[in-house]
Amino acid sequence: MRANEFVKKFGLDRAKREVALIGTIAAMCCDDRFNDDLKRLVESWELVEKLGGLNKSKKVAKKSYDSCSSIISDRTTGFECKWVELNKAIKDVESCQ
């Protein structure tokens, strides 16, 4: 099972718990890549959620990098906008839907 399929089937909350228990996943799946992918997906979901969801994240991603940075700074969310990472996060979230 691929990581995005896991998120589709079991949901984000379960994926977060599994990332916390990453050793258990490795033993179950015998696949370290799965663990890395699942961790990345959880981080992507968290970034998209911090921006207010998928639709708002897409709007931010359409803007230029400079505009993106100022939008994030104004929201005082505690992280810097990295435009390329945001686009990857959006694709990750979409792959789980």
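The figures follow:
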item: Where a residue in the stretch 72-94 is more than 24 Å from Asp37 (Cβ to Cβ) and part of a helix (DSSP H, G or I) and its partner, wherever it lies, is at pLDDT 70 or above and open to solvent by 80 Å² or more (accessible area, probe 1.4 Å), with Cβ under 9 Å and at least six apart; result: Ile72/Lys50; Arg75/Lys50
item: Qualifying positions in the stretch 50-71 - loosely packed, with under 14 Cβ neighbours inside 10 Å, at pLDDT 85 or above and either within 13 Å of the chain's Cα centre (by Cα) or assigned to a loop (DSSP other than H, G, I, E, B) (or both); result: Gly52, Gly53
item: Residue in the stretch 11-38 that is most open to solvent (accessible area, probe 1.4 Å), counting only those that are at pLDDT 85 or above and farther than 15 Å from Ser95 by Cβ; result: Asp13
item: Odd one out for Glu46, checked against (1) touching a helix residue (DSSP H, G or I) at 6+ places or on another chain (Cβ under 8 Å); (2) modelled with pLDDT of 80 or more; (3) charged (D, E, K, R); (4) surrounded by fewer than 16 Cβ atoms within 10 Å (Cβ to Cβ); result: (1)
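The values are calculated or read from the model by the stated rules, or taken from the named source; none is laboratory data. Source: prediction; values computed, not measured. Please note: Cβ atoms are built from the backbone with ideal geometry, for glycine as well, and neighbour counts cover all protein chains shown. Surface areas here come from the heavy atoms of the whole protein model, side chains and all, with no ligands, DNA or RNA. Shrake-Rupley method; radii C 1.70, N 1.55, O 1.52, S 1.80 Å.
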